[in-house]
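Input: a single structure, listed below in C-alpha cells.
The values are calculated or read from the model by the stated rules, or taken from the named source; none is laboratory data. None of the values given here were measured: they were computed from a predicted structure. Because the Cβ atoms are built from the backbone with ideal geometry, glycine has one as well, and the counts that use them run over all protein chains shown. Note: accessible area is taken over every heavy atom of the protein model, side chains too, but ligands, DNA and RNA are not part of it. Shrake-Rupley method; radii C 1.70, N 1.55, O 1.52, S 1.80 Å.
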Amino acid sequence: MVEKNVLTTLIERQVNRYGSRPALFSRRDDGRWTPMSWEELAGAVTSAACALEILGVREQDKIAVFSPNMEKILITDLAAFANRAVPVSIYATSSESQVEYIVRDAGASMIFAGSKEQYHICRHVQRRYNALKQIIVYDDFEREADDTTSLSFTQFLKLGEAATDKCRAEVRRRTEAATPDDIATLLYTSGTTGEPKGAILPHSCFNAAMEIHHDRLTSISDSDTSMCFLPLSHIFEKAWTFFCLDSGVQVYVNRDPRQIQDTIREVHPTCMCSVPRFWEKAYAAIQDKMSRMKPLSRWMCSRALRIGRRRNLEFVRLGKPVPRMLEMRYRFYDKRVFSKVRRIMGIDRGNIFPTAGAPLSNNIVEFFHAMGVNIVVGYGLSETTATVSCFPYVGYEIGTVGTVLPGLQVRIGEENEILVKGPTVMRGYYNKPEETAAVFTEDGWFRTGDAGHFDPHGALVLTERIKDLFKTSNGKYIAPQALESRLGEDKYIEQVAVIGDNRKFVTAIIVPAIEAVKEYARKKKIQYRNLEELVRNSEIRRLIEQRIEKMQEGFASFEKIKKFTLLPREFSMETGELTNTLKIRRPVINSRYAHEIEAMYA
C-alpha cells in the first residue's frame, strides 16, 4: 500500500475532525481578525484545485507564489498538492530580476501575485518570458490595458466552483495517485553568495518532518494558537505552519512584518517561530525601559531576574524539583514583574517560541528563560526541511542549538563542518547537478556549510558559517557572526558587518539604531542637520565606541573591533546587502563600502 502524504491528505483529515472550528485567522484593514473554518478552508482548497486543473496545470507542474503572508498562499499550496503540482515560493521582497530568475529556473507557467505592486513585477517578467502564461492576483488590482489573461483570486475560485464532475474526478484521481516521491516544493535558498538554488523537497521530506516534530514537540496541541510571522516562503515558517495545521493549532496570519508588535498583543499566541532579531529588539527595549526606572523598581527587576534564573535554569531546565522557598519567591516576582512584561509583549499565554536562522546570544536566551518565556533555539536549513536540532524540554544547554531530532543523523566532518543524513534531507538542487554533487559527500551526507561540534552533553554547538569564517593577516581566525550577535544586543546598534579577512585587525561597518541615537542626541543637545551629520558627530561616535567596548567583554583581543564606520541608513534587501532572510551578503558589503573599509586600514 502506498504511503499517504501528510500534506496531500491534511484537509480531508482535519475537516472531518474539526468541521466548523476555525483553522486560520486573517487580519483585515480595519484591524479585525476574521476566522476561516476548516470547512471553509476545505471548500476554498477544492475550488482552487479544480481551477488549477481547468487552467491546464498538470501533475508536477511548477506554480510560482510571489506574495506577502496571506491565508490565500496556504489555499494555493494545498490546492497544488491536491493536483500533485509543485508550489514554488518567492519572497515578497524579491526584485524583478530575482523573480524572473526563479520563474525561468523552475519553468513556472503560472504565478500567484500578492499585491498590485507584485502584479506589475509579474507583468514585466511575463513580457520577457513567454512561457509564463497566467497571473492570478490575491489583492484587488487594476488590470493593465494590454493584459487579457490575468485573473483575480476571486475569479479564480469562481472558475473552480463551476467545475464539471469530470474536472472534480480528475483532481480526485490526482490526489489519490500522489506518492511520497512527488516533489512537494522547490525552496530557493536566499543566496548569500551566488545565485539562488532550488532545493528539491519531495513529500517524503515533509512526511518525515511532521512525524519527527510530533515526536519531539509533545506540548503542542489543538488548544494552541500560532502567529504566522516569518514569510511563508521561508522553510522555517512554511514547515512550522504546516506542522501547526497538522496538529490542529489555530494559525493567525500576520501579513505585514512591521505590524508584528501590534498583532502579537492583539492575539496573544501560545507559539510563534521567529528569527533572533525579534528577540534582540525585544531585549533591547526591555533593557532600555529598566534603565529608566526608579532605583527601587530597577532593584526589584534585577532581583526578579536573579530568582528567575535560579529557578528556571538551575532547576526547571534540568528537571529538578524546585525548592519550596525558591518557588514562592519566583511566584511573587512572576506576578509583579514577569507576567506584566509578558502581557505587554503579548506572549503571556506562551507555550514555546522556536527561533533559528542566526545565532542568538546566550545573554538573551537566559534573560527570557528567566522571565518564563520558553525560547526554543534550533538549527536547520532549507535543504533539511527546516529543523535538524532544537532545545529539548528538559536538559537543554544554553549556548547550543539543542539536540538532534529523532530519525536524523549528524556527524562532524572536515573543517568541523556539520554533516546531516536523514529522511528530511533534500533530493538535490533543481537543474544544478554540479552544485548537488558538491554539497553531498561520497557516502551521501549533506554538507551544511556550517561549522560546529557536540558538547559533552550531546548538544550541537554551532560556531560559524564556514564561508563567513575569516583569518586576519596575523593568522588568527575570526567568527564574525559571534561578534555581530553580541553587538546586536545593544539598544544603540541596529546592524553590524564585521570586516577583517587578511587584514591586520578587525573592523566593522555599523548601522546605529537611528531612533535611539536621535533620542541620545536630544538629551545631550547635539545639533545636526541630517543623519549623515549625526553619525559623524564625535559624541555619537564616542557613544558607539563605548557600547562596542562594553559588548566585546569576554572576546580575545585579536577578535575585538578596533575601528568602525557608522552608516546613516540600514542595510537592505533592495540594495542587495541583505538576503530575503535578512542575512548579510558579505561580498556585497565588502564591494559597496570598499572606500570606507580601506579608510579604516589607512
Pairs where the first residue, in the range 204-231, is without any contact (Cβ under 8 Å) to a residue 40 or more places away in the chain and part of a loop (DSSP other than H, G, I, E, B) and the second is open to solvent by less than 40 Å² (accessible area, probe 1.4 Å) and of a type outside the set (D, E, K, R), C-beta under 7 Å, 6+ apart: 221/247
If you check residue 152 against the conditions, is it surrounded by 13 or more Cβ atoms within 10 Å (Cβ to Cβ), out of contact with any helix residue (DSSP H, G or I) (no Cβ under 8 Å at 6 or more places or on another chain) and within 22 Å of residue 41 (Cβ to Cβ)? yes
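Just for the range 270-305: of the residues that are open to solvent by 50 Å² or more (accessible area, probe 1.4 Å) and touching a residue at least 24 places away in the same chain (Cβ under 8 Å), which one is nearest to residue 485 (Cα to Cα)?
Per the criteria, the residue is 277.
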Kindly evaluate residue 373 against the criterion of being more than 22 Å from the chain's Cα centre (by Cα), of a type in the set (A, V, I, L, M, F, W, C), in a loop (DSSP other than H, G, I, E, B) and at pLDDT 95 or above. no
For the range 409-418, check the following and say yes or no: at least one residue is of a type outside the set (A, V, I, L, M) and crowded, with 20+ Cβ neighbours inside 10 Å. no
Failed condition for residue 541, given (1) of a type outside the set (Asp, Glu); (2) open to solvent by 70 Å² or more (accessible area, probe 1.4 Å); (3) part of a helix (DSSP H, G or I); (4) without any contact (Cβ under 8 Å) to a residue 24 or more places away in the chain, with all others met? (4)
For residue 339, indicate whether it is out of contact with any Pro (no Cβ under 9 Å at 6 or more places or on another chain) and either without any contact (Cβ under 8 Å) to a residue 40 or more places away in the chain or on the phi > 0 side of the Ramachandran plot (or both). yes
Are any residues in the range 569-602 open to solvent by 40 Å² or more (accessible area, probe 1.4 Å) and farther than 30 Å from residue 195 by Cβ, and if so, which ones? 599, 601, 602
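Rundown of residues vs (1) open to solvent by less than 10 Å² (accessible area, probe 1.4 Å); (2) of a type in the set (Ser, Thr, Tyr); (3) under 16 Å from residue 562 (Cα atoms); (4) in contact (Cβ under 8 Å) with a residue 12 or more places away in the chain, yes/no style:
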site: 478; (1), (2), (3), (4): yes, no, yes, yes
site: 481; (1), (2), (3), (4): no, no, no, yes
site: 492; (1), (2), (3), (4): no, yes, no, yes
site: 497; (1), (2), (3), (4): yes, no, yes, yes
site: 502; (1), (2), (3), (4): no, no, yes, yes
site: 509; (1), (2), (3), (4): yes, no, yes, yes
Identify all residues within the range 97-113 that are assigned to a helix (DSSP H, G or I) and either under 17 Å from residue 68 (Cα atoms) or open to solvent by less than 50 Å² (accessible area, probe 1.4 Å) (or both); write none if there are none. 98, 99, 100, 102, 103, 105, 106
Might you let me know whether the range 526-534 holds any residue that is touching a Leu at 6+ places or on another chain (Cβ under 7 Å) and open to solvent by 20 Å² or more (accessible area, probe 1.4 Å)? yes
Residue satisfying all of: in the range 80-96; without any contact (Cβ under 8 Å) to a residue 40 or more places away in the chain and outside any loop (DSSP other than H, G, I, E, B); least open to solvent (accessible area, probe 1.4 Å) among these: 80
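Report yes if residue 17 is open to solvent by 50 Å² or more (accessible area, probe 1.4 Å) and without any contact (Cβ under 8 Å) to a residue 60 or more places away in the chain, otherwise no.
no
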Can you tell me how many residues within the range 453-467 are open to solvent by less than 30 Å² (accessible area, probe 1.4 Å) and modelled with pLDDT under 95? 1
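The rows are residues; the columns are (1) within 18 Å of residue 242 (Cα to Cα); (2) touching a residue at least 40 places away in the same chain (Cβ under 8 Å); (3) surrounded by 19 or more Cβ atoms within 10 Å (Cβ to Cβ); (4) β-branched (Val, Ile, Thr).
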| site | (1), (2), (3), (4) |
| --- | --- |
| 22 | yes, yes, no, no |
| 30 | no, no, no, no |
| 33 | no, yes, no, no |
| 37 | yes, no, no, no |
| 41 | yes, no, yes, no |
| 44 | yes, yes, yes, no |
| 47 | no, yes, yes, no |
| 54 | no, yes, no, yes |
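Each row is one residue, and each column tells you yes or no for (1) outside any helix (DSSP H, G or I); (2) within 21 Å of the chain's Cα centre (by Cα); (3) over 16 Å from residue 212 (Cβ atoms).
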position	(1), (2), (3)
389	yes, yes, no
393	yes, no, no
406	yes, no, no
410	yes, no, no
425	yes, yes, no
436	no, no, yes
